[in-house]
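One structure below.
What follows is calculated from the coordinates using simple rules that are stated; it is not laboratory data. Computed from a predicted model, the values in this text were never measured in an experiment. Here the Cβ positions follow ideal geometry from the backbone for every residue, glycine too, while neighbour counts run over all protein chains shown.
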Amino acid sequence: MSENLNRLVEAGVSIWLDDINRDRLRGGGLAALVRNKNVTGVTSNPTIFANALSKGDAYDTQLHDLALRGVSVEEAVRAITTFDIRWAADVLRPVYDATHGVDGRVSIEVDPRLARKTEQTIAEARALWWLVDRPNVHIKIPATLEGLPAITQAISEGISVNVTLIFSLERYRQVMDAWLSGLEKAKAAGVSLASVESVASFFVSRLDSEIDGRLEKIGTPEALGLRGKAGVANARLAYAAFEDVMNSPRWQALRAAGARPQRPLWASTGVKNPDYPDTLYVEQLVTTGVVNTMPEKTLDAAADHGRISGDTVRSFYQQAWDVMASLKDAGIDYDDVVRVLEEEGVEKFETSWNELLETVKAELGKA
């Protein structure tokens, strides 16, 4: 075990891996990360699956069988992805049991082409929940406006949800409201609240990438001095919003009924700019009761040279507000930034999903 990762866990951070592929599963790589690098969860997305399918021969046997059965491309994609998710969930089941359902979670995303379609998203969430059929799965639903009622409905039915593609503080508050509404409906329907687990995936590095580009176009010394600061500041203020909800009478009533908190999850924590420390979004977002889902490269960097020195969130709220105010003064339109990021996020996942469909279509043809 890495002492750096041990300190991260001791500070209250759950370490999840932002990757999944069948080679890692069949070779025991995921189990090794659980044993040796404190990994207690896995997240996936369409880009991760598209990459996994494009490399090696791990999927050849299943693709051959699917081709013989004459299944559609979309059915094949669902069969392939849910197979991996079930496998990963089984690997992580001991973690789930040991943490009483807090960790040991594996996430699978609804078809991103449904991100603007509420009813279809609900139907797909139900289908994935039934198909994977593991208590430690999370169904990923995007935090679009149309996704919010889908989050509420899924939670109300006892489906554990990972809310993804959150960029703005306003949308994050709406996500927490949707989650609370779902819990209230679940309680009214007699659903066990203790069985419903949720995380809210707040994206970090993508905000820096978008804002840094705008700061460079502005070009003033003041603007250039703000590069690399927005992502951490935004995430810290998200945690402040989370604390507000945790202190609300509305949450306290649900907590008394057995509900679990919807933990903030730091997503997109691999740095995009090579000039920044590769552990930036690990070291600067340490606090209790959060998840940091990392690409393996970031996980290895944190294990090797991460400097973990206690909470780096809750004492920095004013500093975070100052950064956001300075960005506004420099000419950064925060509302436009987060709008662009949400639209691009949905579009990128749609593109990856289409690439996945094309890859499977081609492989089925070969098989």
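Just a few scattered comments:
- Dipole magnitude (debye, nearest 20) for the chain, charges at Cβ of Lys, Arg, Asp, Glu: 820 debye
- Long-range Cα-Cα pairs in the range 315-367 (distance over 11 Å), rounded percent: 76 percent
- Multiplying the residue separation of ALA257 and ASP90 by 0.36 nm and removing their Cα-Cα distance gives an extension gain of 57.2 nm.
- Considering only alpha-carbon pairs that sit under 8 angstrom and 6 or more positions apart, the relative contact order computed for the chain is 22 percent.
- Over the range 166-235, the pair-distance histogram of Cα-Cα distances with 10 Å bins from zero comes to 18, 33, 22, 15, 9, 3 percent, rounded to whole numbers.
- Cα convex hull volume per residue for the range 110-199 (Å³): 80 Å³
- The range 60-155: equivalent-ellipsoid semi-axes (sqrt of 5 x gyration tensor eigenvalues, Cα, Å): 23, 22, 8
- Listed values for the range 208-225 are Karplus-derived 3J(HN,Hα) couplings in whole Hz (6.51 cos²θ - 1.76 cosθ + 1.60, θ = phi - 60°), namely 4, 4, 5, 6, 4, x, 5, 5, 5, 5, 5, x, 6, x, 5, 5, 5, x, and x replaces Gly and Pro.
- Cα long-axis angle, helix 118-132 against the chain (0 to 90 degrees, to the nearest 10): 60 degrees
- Here the Karplus relation 6.51 cos²θ - 1.76 cosθ + 1.60, evaluated at θ = phi - 60°, turns the backbone of the range 31-46 into coupling constants of 4, 5, 5, 5, 5, 9, 10, 6, 6, 10, x, 9, 10, 9, 8, x Hz, with x for every Gly and Pro.
- For a modelled paramagnetic label at ASP335, 7 Å from Cα along Cα-to-Cβ, the residues of the range 153-182 in reach, with backbone nitrogen under 17 Å, are 167-174.
- Zero-based 20 Å bins, Cα pair distances in the chain, whole percents: 30, 60, 11, 0
- Computed over the range 245-361, the range of Cα coordinates on each principal axis works out to 51, 39, 38 Å, biggest value leading.
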